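Down below is the structure, laid out as structure tokens.
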Amino acid sequence: MTGDIAFEMKDITKTFPGIKALDSVSFAARAGEVHALVGENGAGKSTLMKVLSGVYQADGGQTFLFGKKVRFSHPLESLAQGVSVIYQEFSLLPDRTVAENIFLGREPTLRWGVLDSHRMRTETQDVLALFGDRHQFEPDTLVGELDVAQQQMVEIAKALSLNARVIVMDEPTAALNDTECELLFQLVDDLRTQGRSIVYITHRMREIRRLADRVTVIKDGKVAASFDDVPETAQIVEAMVGRDIGHFYPDPANPDEVGEVILAVRNGGNDRLFDINLDLRAGHITGFAGVQGAGRTALALALFGADPFDRGEVTIDGQPATLTSPRQAAKAGIAMLPGDRKADGLVLMQSVRDNGMLSARAFSPALGHPDKTPISTLDQMDRAFDAFDLRAASYEAEIQSLSGGNQQKAIVARWLSLKPKVLIFVEPTRGIDVNTKAGIYAQMRELAQAGAAVMAISSDLPEVLGISDRVLVMSDGKIVAEFGHGVSEAEVMHAATEAHLELEAS
Amino acid sequence: MINRLKHMNPVFLVLLLLFVAIAILSPYFLQPAGYMNFFKRAAPIAILAVGQLYVINSGGFDLSAGALVTLTVIGSSILLDGDASATWWVITAMLAVGVVVGTVNALVVSWLKVPSIIATLGMMITLGGVALTWSGGAPRGYLPENFRFFGRYLIKDLPVIKILPVAVIVMVVICAAMWWLMHRTNYGKRLVAMGDNPKAAMLAGVPLTQTRVVAFVMSSVSAVIAGILLGGFAGVSTDVGVGLELQAITAAVIGGAQLLGGRGTVGATIAGALVLQAMFTLLNILGFPKPIRDVVQGLILISAVVIAGYRRRRSGG
């Protein structure tokens, strides 16, 4: 059931120095509907939403909120009129309670300016009640103790406490696992039923199918397509990338491409991992599935020496290997592409080149010339960037100005300069648009074909199944099941949760 | 061309304007004796600032540099007590003290996880105490001529520039070496990457502890060298190094170095040190008393950070 138009943006144009970010974009949503806003990174989705909320001011066009013309010059103004944006990066204070975060900046006070903490608590309780029994925290819980999904609920609660009638969610599932996603979807359903208007920004087709009433595709700052229902996935993807993307996942390895065991773990363990026995073969992509906290990331960190095994043995090419620091692991031929690029991968203020060259420079003589290391020269790095079709205004540009996909390419190039034997990809396509995803999958396959053992860890289950020759399922720090290519999502999920349930029951 | 000017670090323009102002007010400044004297007095702070830049680019502060300058001057005068034949081993010993102090600073930060501002504050107080205890509270001994050579001696009768202070040669040589290490070696790139994002640098294979040790040693050794120059032209006193660490940080910030690491160049830092020295000279010519210098130093420190932030926001779009 959909109601009146909640907001309407007409012919919005926004220019940044040297780039037309939005070119006459029109976009609207009704009360009580979920309008999915999709497009590649850098297409202009976030800019459009920032115009709506008053972070940016449009150079041209008009915005109407409930029929009234508005022009917000600051996010606080739009917030007061019932427009809330929940960004990918939360704006929560970890050392404050849920209630304090929800009322941040507008705390109710008693006389003499004394904080009315009782009212904060009860009003927070009222808002949380809208979630039914799905929130497992209280107004007094410290936000730092919550997991990502719960923190997102706090952000949503904040919007609800402001009585937001328009809620924008910017890739809300980027950091969530499947169970948490389902919880979020239910919350979004509730918000829709309450008559709120939701703009849902995402890359994931599954979520569009599950949630959206309408879909608008933005490409290069323009509306590429607008659907009043949810069309076939292919139609959406075609509008996004402007062409047929063909095979999304590359073919699995031929048996003759699979080589020797490169890395072997026997009875490996630490405080989060138990009885890990694992063989990684040249030419093979091994995917790891499991619920959040099952130990997939812990395994990657153990192999990469960041959080090492304290029991068991690891061999590389049959030789015992000591992996007690990332530097040692890298020397032994292991590379890890971290899932959180910004926090763990990039040196943001440095150039694309400096980011690409970082590992080559880290493993070359300290006093050697930084552009002519024995591992890679700057020219070779530039050619690697070219080969990956890395797009930047200039390779001298700061890497923070690039899209997620191009940043990922720079980090891949960084590691390939060391010619690693084992490549561990953690969340290889998080925050990366559909078109670039296919390129990254193709690259992972090429690396395997070139003789590397590839490990893929992702909370996007279709991705793990699509890319892997073999899927290992983890649960509670153990490897609990193994499947070949072509296994169904249901089988994997069953294995991932079954073991969990058995453990809980015992 | 205009575009290049726009992207040029404004510190160079400010420096030029200050030079013009000083030259107009005091034509003596245009004589070789005038500007060479200026560069001679700027030499210790320029060297200290570039040493400090290593620590700043690594993401830290070195507050112990000023106290180490004092310790160098006091310690050298006591150890030498006018004995010219001892100069070389005393200088060697003092440089060794610099290496030890820098290493301890870095290891306290790396191994004990103490923030550098606290670790080096502790070192500053400790070194100050050592210098006071050793000297008994008043300067003792004196520095022989061959020790003071570096800070005081002028090479005369040269063509064009006529005179050249040895301190200026020391400044040029040390700064050139530190420019090379920062901007033309793998080490320098690792250092800046570490200051930008230590976790990402570590996960890319950068040896953080080793990188940090070298950065702090560069700062401490530059403090010892600055101390040798200052002992040369100012003589022995117990407050010779007071506040120099803050001047060094100010100079780096005026040069556009980003506090907490990841961005800063040697050239601009030297320009920042010269701006600071030129500002002091200008205030001197205008007849302002010494405390006004401190007020001005404080104000330009804050303005430099504000301007740098403004420029970044604008260029960042």
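Only bridges whose two residues both fall in the protein assembly as shown count here: according to DSSP, what percent of them are antiparallel, nearest 5?
Approximately 60 percent, going by the DSSP bridge assignments.
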Classify region B:116-271 as rounded, prolate or oblate, taking a ≥ b ≥ c as the square roots of the eigenvalues of its Cα gyration tensor: rounded when a/c is under 1.5, otherwise prolate if a/b is larger than b/c and oblate if not. oblate
Calculated from DSSP H runs of 4 or more alone, at -39500 (n - 2.57) each and per residue, what is the 222 nm mean residue ellipticity of chain A, nearest 500? -10000 deg cm²/dmol
Would you mind counting up the charge near A:Lys20? Only other residues with Cβ under 14 Å from its Cβ, with Lys and Arg at +1 and Asp and Glu at -1. -1
Per-residue [θ]222 nm for chain B (sum of -39500 (n - 2.57) over DSSP H runs n ≥ 4, rounded to 500): -25000 deg cm²/dmol
What distance in nm separates the simple spin-label points at A:Asn277 and A:Ser226, each placed 7 Å from Cα in the Cβ direction? 6.0 nm
Apply the a/c threshold of 1.5 to the C-alpha gyration tensor of chain A and tell me whether it is rounded, prolate or oblate. prolate
Here the residues of region A:157-178 lying in the modelled label zone of A:Phe66, meaning backbone nitrogen under 18 Å from a point 7 Å along Cα-to-Cβ, are A:159-168
For A:Gln292, put the label point 7 Å out on the Cα→Cβ axis and report which residues of region A:432-476 keep their amide N under 12 Å from it. A:459
Report, in order of residue number, the helices in chain B meeting two criteria: a C-alpha extent of 24 Å or more along the helix axis, and a mean Kyte-Doolittle hydropathy of at least 1.0; treat each whole DSSP H run as one helix. B:87-112, B:116-135, B:166-183, B:208-234, B:266-285
Could you tell me the center-to-center distance, by alpha carbons, between region B:80-148 and region A:419-455 in angstrom? 53 Å
If R₀ is 41 angstrom, what is the calculated FRET efficiency for the pair B:Lys199 and B:Ala33, using the beta carbon separation as r and rounding to 0.05? 0.20
Return the distance in nm (one decimal) between the two label points of a simple spin-label model at B:His7 and B:Lys113, each offset 7 Å from Cα along Cα→Cβ. 4.1 nm
Least to most buried among B:Lys40, A:Lys219 (fewest other Cβ within 10 Å first): A:Lys219, B:Lys40
For the pair B:Leu299/A:Leu93, report the inter-label distance in nm, with labels modelled 7 Å from Cα in the Cβ direction. 3.4 nm
Mean-position separation - Cα centroids, region A:49-63 and region A:185-261, in angstrom: 25 Å
If r is the Cβ-Cβ distance from A:Asp379 to A:Asp147 and R0 is 35 Å, what FRET efficiency results, to the nearest 0.05? 0.20
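Where a number appears in this text, it was derived from the coordinates with a stated rule and is not lab data. Predicted model, so just to flag it, every value in this text is computed and none were measured. Ideal geometry is used to build each Cβ from the backbone, glycine not excepted, and the neighbour counts take in all protein chains shown.
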